[in-house]
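The values are calculated or read from the model by the stated rules, or taken from the named source; none is laboratory data. The shown structure was predicted, so the numbers you read here are calculated from the model rather than taken from an experiment. Cβ placement follows ideal geometry from the backbone for every residue including glycine, while neighbour counts extend to all protein chains displayed. Note: accessible area is taken over every heavy atom of the protein model, side chains too, but ligands, DNA and RNA are not part of it. Shrake-Rupley method; radii C 1.70, N 1.55, O 1.52, S 1.80 Å.
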Amino acid sequence: MHLTRTSKFLTAPIIVTLIIMVLYPGQIQAQPDSVTPKVVHAGGGNATSPIINFVPQQVGIKVGESIIWDNPTPVAEPHSVTFMKDKKFFADFVAPFIVTNSTEFQSPQHGSNTEPIIVPSQSADSKVVLTVNARAFNPVTIDSKGNATYLPPNSQYSMDGTESYINSGWLWPNELAPPGGPAINNFTMTFEKAGTYSYVCNVHPWMTGLVTVN
Ligand SMILES: [Cu+2]
């Protein structure tokens, strides 16, 4: 086979590249950006003046990339990362639930100084009890049909963009989660659909963040 001067010149780097690919396959393969999620801090600062902000507040990523949120606050101040289709999905910490009048509430700890708040309901055979709202504190998603799915602590979730509600649960600084609750320290989300997504912290609803996915 005859090779012209030009094709000889072009062939040499290609052969070198092929040899490197065989010897060091990992060196040539481009590492997708999604391998290293972008980090957004929920909170931070120092013990005397903790920050009540997402840092950075706005992030731009590409479709298929991920963000991991953590909480580097040096004091036990929780934050959440909460995406809502609209405001009616905001989950209050304490919520009323209707139970039948015969429902009794007993503490699992004998002699504990606890009692639920019970208020009258509109019906004579039921009452309303106030309890903490799992959807405020725990990692959970609600799809477009209203189905809630609870996620494990420190979840990795892929958002397809149709969800009505995505909550990280309360993110605590490492080692500072209160005993008894889930020790959630981070939340990772992969964005599968282009768009602009705003989110709030449900502990501090004025604390907002923005993710732009192109
Ligand atoms: Cu917060």
Q: Looking only at region 7-25, decide whether some residue is open to solvent by 50 Å² or more (accessible area, probe 1.4 Å), modelled with pLDDT of 95 or more and in a loop (DSSP other than H, G, I, E, B).
A: no
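Just need a number here: residues in region 97-126 that are of a type outside the set (Gly, Ala, Ser) and in contact (Cβ under 8 Å) with a residue 24 or more places away in the chain.
The first filter runs over region 97-126 and keeps only residues of a type outside the set (Gly, Ala, Ser), leaving 97-101, 103-106, 108-110, 113-120, 122, 125.
Next cut, in contact (Cβ under 8 Å) with a residue 24 or more places away in the chain only: 97-101, 103, 105, 125.
Count: 8.
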Q: Read through the list (1) in the same structural domain as residue 183 (by TED's automatic domain parsing); (2) more than 14 Å from the ligand (Cβ to nearest atom); (3) out of contact with any Pro (no Cβ under 8 Å at 6 or more places or on another chain); (4) hydroxyl-bearing (Ser, Thr, Tyr), then give the number of the only condition that residue 102 fails.
A: (1)
(Q) For region 103-147, which positions are among the small types (Gly, Ala, Ser) and either open to solvent by 60 Å² or more (accessible area, probe 1.4 Å) or outside any strand (DSSP E or B) (or both)? (A) 107, 111, 112, 121, 123, 124, 134, 136, 144, 146
Q. How about region 71-95: which of its residues are small (Gly, Ala, Ser), open to solvent by less than 50 Å² (accessible area, probe 1.4 Å) and within 16 Å of the ligand (Cβ to nearest atom)?
A. 80, 91
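Residue-by-condition table, conditions (1) closer than 19 Å to residue 91 by Cβ; (2) small (Gly, Ala, Ser); (3) in contact with a Leu (Cβ under 7 Å, 6 or more places away or on another chain); (4) more than 15 Å from the ligand (Cβ to nearest atom):
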site: 151; (1), (2), (3), (4): yes, no, no, yes
site: 159; (1), (2), (3), (4): yes, no, no, yes
site: 164; (1), (2), (3), (4): yes, yes, no, yes
site: 175; (1), (2), (3), (4): no, no, no, yes
site: 209; (1), (2), (3), (4): yes, yes, no, no
site: 213; (1), (2), (3), (4): no, no, no, yes
(Q) Every residue in region 163-187 that is open to solvent by less than 70 Å² (accessible area, probe 1.4 Å) and more than 12 Å from the chain's Cα centre (by Cα), please. (A) 163, 164, 172, 173, 176, 177, 178, 181, 182, 183
Q | Residue under evaluation residue 181, criteria (1) more than 20 Å from residue 41 (Cβ to Cβ); (2) in a strand (DSSP E or B); (3) of a type in the set (Gly, Ala, Ser), criterion not met | A | (2)
Q: Only residues that are within 16 Å of residue 39 (Cα to Cα) and within 14 Å of the ligand (Cβ to nearest atom): list them for region 185-200, please.
A: 187, 199
Q) Which residue pairs have Cβ atoms under 7 Å apart, sit 6 or more places apart or on different chains, and have a first residue in region 73-96 that is over 19 Å from residue 162 (Cα atoms) and a second that is within 12 Å of the ligand (Cβ to nearest atom) and of a type in the set (S, T, N, Q)? A) 79/71; 80/168; 80/202
Q) So, in region 149-160, of the ones that are in contact (Cβ under 8 Å) with a residue 12 or more places away in the chain and surrounded by fewer than 14 Cβ atoms within 10 Å (Cβ to Cβ), which residue ends up farthest from residue 181 (Cα to Cα)? A) 160
Q.
Within region 49-70, does at least one residue satisfy the condition of being away from the ligand (no atom under 16 Å from the Cβ), free of Cβ contacts under 8 Å to residues at least 12 places away in the same chain, loosely packed, with under 10 Cβ neighbours inside 10 Å and not in a strand (DSSP E or B)?
A. no
Q) Are any of the residues in region 93-115 under 30 Å from residue 187 (Cβ atoms), aliphatic (A, V, I, L, M) and at pLDDT 90 or above? A) yes
